[in-house]
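K.L.:
The following block contains the structure, expressed as structure tokens.
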Amino acid sequence: MARIELRDVSKRWGGYYAVEHLDLTIEDNAFVTLLGPSGCGKTTTLRMIAGLETPTEGRITIDGVPVFDSDQGINVPPNKRRVGFLFQNYALWPNMTVYQNIAFGLSNINESGARVNERGEVEFDPTGKEPVRKLKKDEIRRVVERVSAIVKIGQFMDRYPSELSGGQQQRVAIARTLAPGPRVLLMDEPLSNLDAKLRLEMRSELQRLHLSTGSTFVYVTHDQMEAMTLATRICLIDNGVLQQYDEPLTVYNKPNNLFVADFVGNPAVNFIEASGTQTGDTLDLSILGGIKAAFTPRGGLKIADWYAKDDQNQAEMRAAAEAKAKLPGYVEKTNKDSVFRYNIAKVEDDGDERPTPTRSDFVLGVRPEFIYIGDDGAVEGEVFSAMPTGMETTVRIRVGNFLLTAVVFGGVVYKIGQKVRLSFSGDNIMLFSRENGRMISNGSVKL
Amino acid sequence: MKKLLALALVFVLTMSLLPIAMADESVADIIAQAQTMTNEELYKKAIEESKGKTFNAVGNSSRGKSVLPLFIEELQKIDPSYTLEFSWQQPKNNNIFAQLDADVNSANHEISMTLIQDGNQIQSKMLDTGYLLNFVPKEWAEAEDVAKENNENPLALQTLNKVFMFNNLGDKTYTNMWDFVADGEAPLFMGVNSEPVGKNFLYMMTSEKYSNWAKEAYEAWDGKNEEYDALIEDMKLDVKDLGLTAENANYGLTWVLLWCDQYNQETDDGPICNTLVTKSAAGQTGLLVYSKLRSIEETAESSVNNITVAAYQDGYTGIGGYAYKHYVMLTKTSPLPWTACALIAFMTTTSEGFYAWGKDMGGYAPVAACMQDHSQDGYVDGVNTYDAKNDRGYDWWLNDGQLVVEDPAYCASVSGKMSAWIDGIVAGK
Amino acid sequence: MSVTVLRKPSAFRKKLNKIWTYLSKPQNFILLMLGIILTVTTVYPMVTILKDTVSVHPGTVDAAEDAKSAQFEVLGDDYTTFNWTDLFTGVNITRHGRQRIELSVAKTYLWTPLLNSVLISIFACVGSILYGGIFAYLVTRTNLKLKKYLSSIFIFPYIMPQWTLAIIWRNLFFSNAVTGGSDGLFASVLGVNMPQWWCEGLFPVSVVLALHYAPFAYILIGGIFRNMDANLEEAATILNTPRWKTFLRVTLPLVKPAILSTILLVFSSAMGSYPIPHYLGLSTLSTQYVGMRIDRVGEASILAVIMMLFGFLILIVNQKTTSGRKNFTTVTGKSGQSSLVNLGVGKYILSTVFVLTTLFSGILPIILFAIETFLPNPGDYSFLTNGIAGHLTTKWWLTAENVSENGIYGQFGILYNSDIWRAFGGTMIVAVCCALVAGTIGTLVGYCVSKNRRSKWAGYVNNVAFLPYLMPSLAVGIAFFVVGSNLGIFNTFLLLILAGTVKYIPFASRSSLNSMMQLSGEIEEAAIIQDIPWWRRMVQIIIPIQKSSIISGYLLPFMTCLRELTLFMLLCRQDLIITTLMDYFDEMGLYAFSSGINLILIVVILVCNTLVNKLTGASLDAGIGGK
């Protein structure tokens, strides 16, 4: 069971917290992506799992074995953790051929009962009873042949890395990582150096690889498309803090806060400022410069109840944080977290004053596919720009001084300046508290 | 493009602007004239020629530098406004010949005169090629008491001696020249290829007069034994190979062999002297220029009294050292020939001119008027404090001190094969 | 209406046009000019020396009676084959100890010195790479203590003139009992007599050379370590590679180019060094050359030819190793997030070790120099046992006249010695001019070659500029001595500047080439499209971008010139520049003067390096290839 657990893991330099009190459980055979903007701490987290970086505090367990525990003083060195690591720029050894690069790790194996089975996979005796041995040359050759066949670089065995293209180098790196058969594969933005077409190809290769090896994959990326398409669960991180850890569609449909909603989804979600109060089931809001909208939360949630619960949660967390602050060795975080500054798309820039929000201020999040354009739409707008791709068309519509982005399926043609009518469809519209940026509920909106 | 061409042109022009001015008269003519003039007349010509200019000379002696201020003073007696910039170089490691050669053949002649030693090389490299020209001042030729033999052509400024010395602390004694080459001895000596007059001395040891002295000393030596006898006998083979003709050349050659095999090479006589005077150098020996004793400062570590000049001991048998000459000549392309002649005349005929060397022991000028008495140099307030410094004089050294005097012709005749013979011994040490 | 019929241009015209188009690009024109000039300055001296080996020299063995049969006349000049035949086949009778032997001329004058030269070069390479490389690793990849202090002290021996370490060695270890002569510091103060092999010969020469060039190795190898992608080693670690295996199979191969560069440069520099074997009693090609100039001048020139052949050999080896499949650069974008290797308690132990070794090689010499200038007699340390009063003096600094006997051999004290200050001025002139000319030409070479990467002519120019650098200094000095005598510019600044320029151009061309290669061609193309002329592009775009490496290219010749002896010693008389004057004082045993001058020189170099570093960010280590 190659299950990875991180408990209260932190990494800081001085007062700067790169990773703050991270709790994460990665199930066996999961494909988890660590997603976030540059500098959010995802690579650091990955390296801490591998042992290339030492956490300041916390506990990391791989497959039930604690590999790091700050309380107990355990710190298993990276070479003993039996994980595979794929570097962003491949780190192929330039003085060795492809074959030598892949075989290098295999020649280090010196375990009880180490051998290569008929399928070309490396095996040990986990009980440790059998005598310790190294792999023979022909055994190594079989493994190398197997993994190079998987990534299709069999014909490049004698070449040096400098004689290969980027994609070929990347595949050599994958083969090298796979050869010893690790149960955990850590990947640090491995596709970021490839061109778009190759990237797509490699994405599907990685997916297949995940299935065939049965290993646990932990994958760092800043490309949300990649995360969405590959992962079994996405772990979104911002400023060292875990924002959400869910299946991709959950992250997409039920983001925890404004940041997550904005980060995931292409084209990006539309943020609309709204103010109003709840009467009965519906929330009467004023949006887009005076347009009236009625938001009906799914499941009949009361806003006030939500706020009460949220306040309670916040109070508990604050108490816990203060208790922690009193412990010895506490260092205050200098890179403070702040509420995500969402972007309101406007036609003309009229300054960006944001008065302090109250509890009757909200932000609506409307995904582009939920903007319905038709003659029976409720609000009038003007086509600002239209980008057809053949399969769909992305339209930007101007309502007053505001711009909304919509995606229309099918080959519909719009002319710039054309007047259209629109509504919000479905009940996946998101309501966020403007005060703290968290999501209150999904629901439907009637304009 | 244009800029590059312009730059190239400038470069070419600069290269061609090397000074090439030549005197109308040749230096040889000037010398011929100068040889008929008195010192006073020469000084006047010199003032005319070199007032405010720079005078360059190269020499084997470091003391030459201090002559020039006195020379300038002398000329200022005639013309108080006379000034002269000067540069006196002392090339080491035998570079003086290469430098003179280069200067004479250069388009730009700087060196006016030279003070140079090693008659052997001088003959073949400088006189036969005509690079150096000899000048005999009138007042020198007509001086009252002048030793002309071997000192006239080329003109010798002085004869210097390099003598055997040893540190007298401890209980070793050196009463015979062969004591210096006995088993276990390691006398200090300047490398033969950096100070070629040393090599000339070794050549001269095989000539008739000096090999006879070597034989005499050997017969009287208390360290004489069968091994050495056998070696001396064996040396006859080498004598034959090297084409030496003296009857007892094998004695001289044996001494040379032992000396070369055992001497410790130093870069200059200065360090040798500084070593021998120290307390820690008990029982050390050396062959070095006598006048170096002048510069020793008395401290707890170093004292002139730690040194004994071997030949000064009563009952010392054998050669006490060797003599070589400093010659002064003009370069054939001398840019300031009159000044050079005047300076040579000043140095060789007056005691002020010779003072830089005359003030110390160990340097003997042909013209007696130049010399000072150094027989009491070791006396302080009437007490004989530093015996080693009392110079017994040139005549004593030639006869009682048994100095080996360099003969360029003999050296030239044997150096062909003997040079390599010596080099081989030194290399194999 | 007249119709002009255009005639097809003739083949000759076409060729002319081609040449004109080729030359109108500034880099091609400059390349052509440089190629011609550098060929002349490199080939002409070599030809002259070759000629010298077959010429007759009066007063030497090839003019003696028994050599007459080998002479012949060409164009009225006397030539002879004697020098070649005698050096390789001649046999002399001599003695080894008391034993009569037949010694071949070649053994004494050629093979033994050749072997010694090669040996010291090899040992110097090995020593400097080990010492400097290990230090580089410790400083860049581990948590050694006192890094800043150690890395600045470490390069001291490189800043000092080469042979001063040899003099220090003598003054420390020579003793009456073993080497004859006076007791050095060890013998007089500690009563320890170091054995013969420690004091003279292969061992001390190799050690001194290794100490002198270790900083060079440190800068080159450290530069690679600093920029190395740490991921490469981490990848090996993750694969459970033992530390030694990672070092041997991953780290070391990456550092190989730096090691090779160091070997090539140290080898030829060590081979050409004259003063160090001269003072420490070893017969090498260079010391033999000087000694043979008395009566074996022609054969000495053959030694010079052999030294030059080594230069060619090294160039060829350099060519072979810098091309080829296994070649790779290791500069990557993302530099290491590497953690430093934890040495544990070793970080204190090792830093102490290095503090001690750099104390000996960097600080002690300076202290000794300072003390020497106050000793009453050279090497007289009586003040240590007898107290300062009466045993230390300021005469070496303050004596203002030289007519009476002041115990300093007729010299003036350092502060009043116009010879010394004039020589300093001379050195400054030579160093500044060398730096300007070599730096400019080198930068141009780097620029032109980087623009014509694939052209054979560019490769040739690069090589011919590099060759004198790889040739032993003495050989280049000999070459220019011969040329200088022929042209009549002996003992002029012009000759020194020429020799220095030719020898040091590669400092600038390498630095410039490396940085130009990393500059994208598009930067200049953007300017070309806008019709900006060549010189403006250079001055306003290229040079400001490359400022740091260009200045390093000027700085390095300047610093090296300041302390260069072997290259210049044959080319001028002793008072023209300060290093020949220093050597003169050392020969004469006037250690106070040479030590005082050495101190002043070191201070000047340090000040210059710091100033330029503060003002422009360039420095000695960046120039050699650190950054």
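The values are calculated or read from the model by the stated rules, or taken from the named source; none is laboratory data. Everything quoted here is computed from the prediction, not taken from an experiment. Backbone-built Cβ (ideal geometry, glycine too); neighbour counts: all protein chains shown. Just the protein is used for accessible areas: all its heavy atoms, side chains included, with ligands, DNA and RNA removed. Shrake-Rupley method; radii C 1.70, N 1.55, O 1.52, S 1.80 Å.
K.L.:
Which condition number does residue B:193 fail, the rest of (1) within 10 Å of chain C (Cβ to nearest Cβ); (2) more than 23 Å from residue C:200 (Cα to Cα) being met?
P.N.:
(2)
K.L.:
Could you check the stretch B:48-150 for strands (runs of 3 or more DSSP E) lying wholly inside it with 3 or more residues that are of a type in the set (Asp, Glu), facing another protein chain (nearest Cβ under 8 Å) and touching a Ser or Thr at 6+ places or on another chain (Cβ under 7 Å)?
P.N.:
Filter on the stretch B:48-150 gives an empty set.
K.L.:
Go through the stretch B:237-250 residue by residue and tally those that are out of contact with any Leu (no Cβ under 9 Å at 6 or more places or on another chain), within 12 Å of chain C (Cβ to nearest Cβ) and within 12 Å of residue B:211 (Cβ to Cβ).
P.N.:
Result for the stretch B:237-250: 0.
K.L.:
Oh, and also: When you scan the stretch C:18-62, how many residues do you find that are in contact with a strand residue (DSSP E or B) (Cβ under 9 Å, 6 or more places away or on another chain), free of Cβ contacts under 8 Å to residues at least 12 places away in the same chain and within 12 Å of chain B (Cβ to nearest Cβ)?
P.N.:
0
K.L.:
Would you check if there is a residue in the stretch B:203-221 being assigned by TED's automatic domain parsing to the domain that holds residue B:405, of a type outside the set (A, V, I, L, M), modelled with pLDDT under 90 and out of contact with any helix residue (DSSP H, G or I) (no Cβ under 6 Å at 6 or more places or on another chain)?
P.N.:
No, every residue in the stretch B:203-221 fails to be assigned by TED's automatic domain parsing to the domain that holds residue B:405, of a type outside the set (A, V, I, L, M), modelled with pLDDT under 90 and out of contact with any helix residue (DSSP H, G or I) (no Cβ under 6 Å at 6 or more places or on another chain).
K.L.:
Please list, ordered by first then second residue, the pairs with beta carbon atoms under 7 Å, 6 or more apart or interchain, first in the stretch C:99-117 and farther than 17 Å from residue C:308 by Cα and more than 9 Å from chain B (Cβ to nearest Cβ), second open to solvent by 10 Å² or more (accessible area, probe 1.4 Å) and assigned to a helix (DSSP H, G or I).
P.N.:
The qualifying pairs are C:106/C:88.
K.L.:
While we're on this one: Could you list, in sequence order, all residues of the stretch A:311-347 that are touching a helix residue (DSSP H, G or I) at 6+ places or on another chain (Cβ under 8 Å), over 14 Å from residue A:21 (Cβ atoms) and open to solvent by 100 Å² or more (accessible area, probe 1.4 Å)?
P.N.:
Matches in the stretch A:311-347: A:343 only.
K.L.:
On to the next question. For residue C:217, which of the numbered conditions (1) away from every other protein chain (no Cβ under 13 Å); (2) over 21 Å from the mean Cα position of the chain (by Cα); (3) more than 24 Å from residue C:590 (Cα to Cα); (4) touching a residue at least 24 places away in the same chain (Cβ under 8 Å) fails to hold?
P.N.:
(2)
This table checks each residue for (1) assigned by TED's automatic domain parsing to the domain that holds residue B:167; (2) farther than 20 Å from residue B:114 by Cα; (3) among the basic types (Lys, Arg); (4) open to solvent by 10 Å² or more (accessible area, probe 1.4 Å).
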{"position": "B:351", "(1), (2), (3), (4)": "no, no, no, yes"}
{"position": "B:359", "(1), (2), (3), (4)": "no, yes, yes, yes"}
{"position": "B:393", "(1), (2), (3), (4)": "yes, yes, no, yes"}
{"position": "B:412", "(1), (2), (3), (4)": "yes, yes, no, yes"}
{"position": "B:419", "(1), (2), (3), (4)": "yes, yes, no, no"}
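K.L.:
Scan the stretch A:348-359 and tell me whether some residue there is in contact with a helix residue (DSSP H, G or I) (Cβ under 7 Å, 6 or more places away or on another chain) and either within 19 Å of residue A:286 (Cα to Cα) or part of a loop (DSSP other than H, G, I, E, B) (or both).
P.N.:
Yes, there is a match, as at least one residue in the stretch A:348-359 is in contact with a helix residue (DSSP H, G or I) (Cβ under 7 Å, 6 or more places away or on another chain) and either within 19 Å of residue A:286 (Cα to Cα) or part of a loop (DSSP other than H, G, I, E, B) (or both).
K.L.:
Among the candidates C:177, C:166, single out the residue that is over 30 Å from the mean Cα position of the chain (by Cα) and not aromatic (Phe, Trp, Tyr).
P.N.:
Sole residue among the options that is over 30 Å from the mean Cα position of the chain (by Cα) and not aromatic (Phe, Trp, Tyr): C:177.
K.L.:
Might you check whether a residue that is away from chain A (no Cβ under 14 Å) and more than 30 Å from residue B:423 (Cβ to Cβ) occurs anywhere in the stretch C:282-295?
P.N.:
Looking through the stretch C:282-295, none of the residues is away from chain A (no Cβ under 14 Å) and more than 30 Å from residue B:423 (Cβ to Cβ).
K.L.:
Okay, next question. How many residues are among the hydroxyl-bearing types (Ser, Thr, Tyr) and surrounded by fewer than 23 Cβ atoms within 10 Å (Cβ to Cβ) if we restrict to the stretch B:190-217?
P.N.:
Residues meeting the conditions: 2.
K.L.:
Another question, if that's okay. Looking for whichever is touching an Asp or Glu at 6+ places or on another chain (Cβ under 7 Å) and either over 29 Å from residue B:98 (Cβ atoms) or not assigned by TED's automatic domain parsing to the domain that holds residue B:148 (or both) here; the options are B:197, B:192. Which one fits?
P.N.:
Result: B:197 is the single residue among B:197, B:192 that is touching an Asp or Glu at 6+ places or on another chain (Cβ under 7 Å) and either over 29 Å from residue B:98 (Cβ atoms) or not assigned by TED's automatic domain parsing to the domain that holds residue B:148 (or both).
K.L.:
Same structure again: Considering only the stretch B:266-292, state which residues are within 7 Å of chain C (Cβ to nearest Cβ) and either out of contact with any helix residue (DSSP H, G or I) (no Cβ under 8 Å at 6 or more places or on another chain) or in a strand (DSSP E or B) (or both).
P.N.:
B:266, B:271, B:274, B:278 - these are the residues of the stretch B:266-292 that are within 7 Å of chain C (Cβ to nearest Cβ) and either out of contact with any helix residue (DSSP H, G or I) (no Cβ under 8 Å at 6 or more places or on another chain) or in a strand (DSSP E or B) (or both).
For (1) over 23 Å from residue C:320 (Cα atoms); (2) assigned to a helix (DSSP H, G or I); (3) open to solvent by less than 20 Å² (accessible area, probe 1.4 Å), each residue gets a yes or a no:
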residue	(1), (2), (3)
C:442	no, yes, yes
C:449	no, yes, yes
C:459	no, yes, no
C:462	no, yes, no
C:467	no, yes, yes
C:481	yes, yes, no
C:489	yes, no, yes
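K.L.:
Another question, if that's okay. Condition first: in contact (Cβ under 8 Å) with a residue 12 or more places away in the chain and of a type in the set (S, T, N, Q). Now tell me which residues in the stretch A:39-78 satisfy that.
P.N.:
Passing the criteria: A:43, A:44, A:45, A:54, A:56, A:61, A:70, A:75.
K.L.:
Run residue A:353 past the list (1) at pLDDT 90 or above; (2) open to solvent by 90 Å² or more (accessible area, probe 1.4 Å) and report the number of the one that doesn't hold.
P.N.:
Of everything listed in (1) at pLDDT 90 or above; (2) open to solvent by 90 Å² or more (accessible area, probe 1.4 Å), residue A:353 misses just condition (1).
K.L.:
Could you tell me which residue of the stretch B:293-332 is nearest to residue B:31 (Cα to Cα), considering only residues that are of a type in the set (Val, Ile, Thr) and away from chain C (no Cβ under 14 Å)?
P.N.:
Looking at residues that are of a type in the set (Val, Ile, Thr) and away from chain C (no Cβ under 14 Å), I get B:328.
K.L.:
Name the residues in the stretch C:544-557 that are touching a residue at least 12 places away in the same chain (Cβ under 8 Å) and open to solvent by 30 Å² or more (accessible area, probe 1.4 Å), would you?
P.N.:
Residues satisfying the conditions are C:545, C:547, C:548, C:551, C:554.
K.L.:
Just to check your reading of the model, which residue among C:209, C:248, C:202, C:239 is open to solvent by 20 Å² or more (accessible area, probe 1.4 Å), within 21 Å of the chain's Cα centre (by Cα) and at pLDDT 85 or above?
P.N.:
Result of the check over C:209, C:248, C:202, C:239: C:202.
K.L.:
Counting just the residues of the stretch A:118-152 that are open to solvent by 100 Å² or more (accessible area, probe 1.4 Å) and basic (Lys, Arg), which one comes out nearest to residue A:179 (Cα to Cα)?
P.N.:
My answer is A:141.
K.L.:
Does at least one position in the stretch B:341-358 carry a residue that is part of a helix (DSSP H, G or I), among the small types (Gly, Ala, Ser), more than 14 Å from chain C (Cβ to nearest Cβ) and farther than 30 Å from residue B:241 by Cβ?
P.N.:
yes
One line per residue, one yes/no per condition, for (1) modelled with pLDDT of 90 or more; (2) out of contact with any Cys (no Cβ under 7 Å at 6 or more places or on another chain); (3) open to solvent by less than 10 Å² (accessible area, probe 1.4 Å):
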residue	(1), (2), (3)
A:1	no, yes, no
A:5	yes, yes, no
A:9	yes, yes, yes
A:22	yes, yes, yes
A:36	yes, yes, yes
A:52	no, yes, no
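K.L.:
Residue C:249 - would you say it is more than 7 Å from chain A (Cβ to nearest Cβ), in a helix (DSSP H, G or I), basic (Lys, Arg) and under 27 Å from residue C:357 (Cβ atoms)?
P.N.:
Criteria not met by residue C:249.
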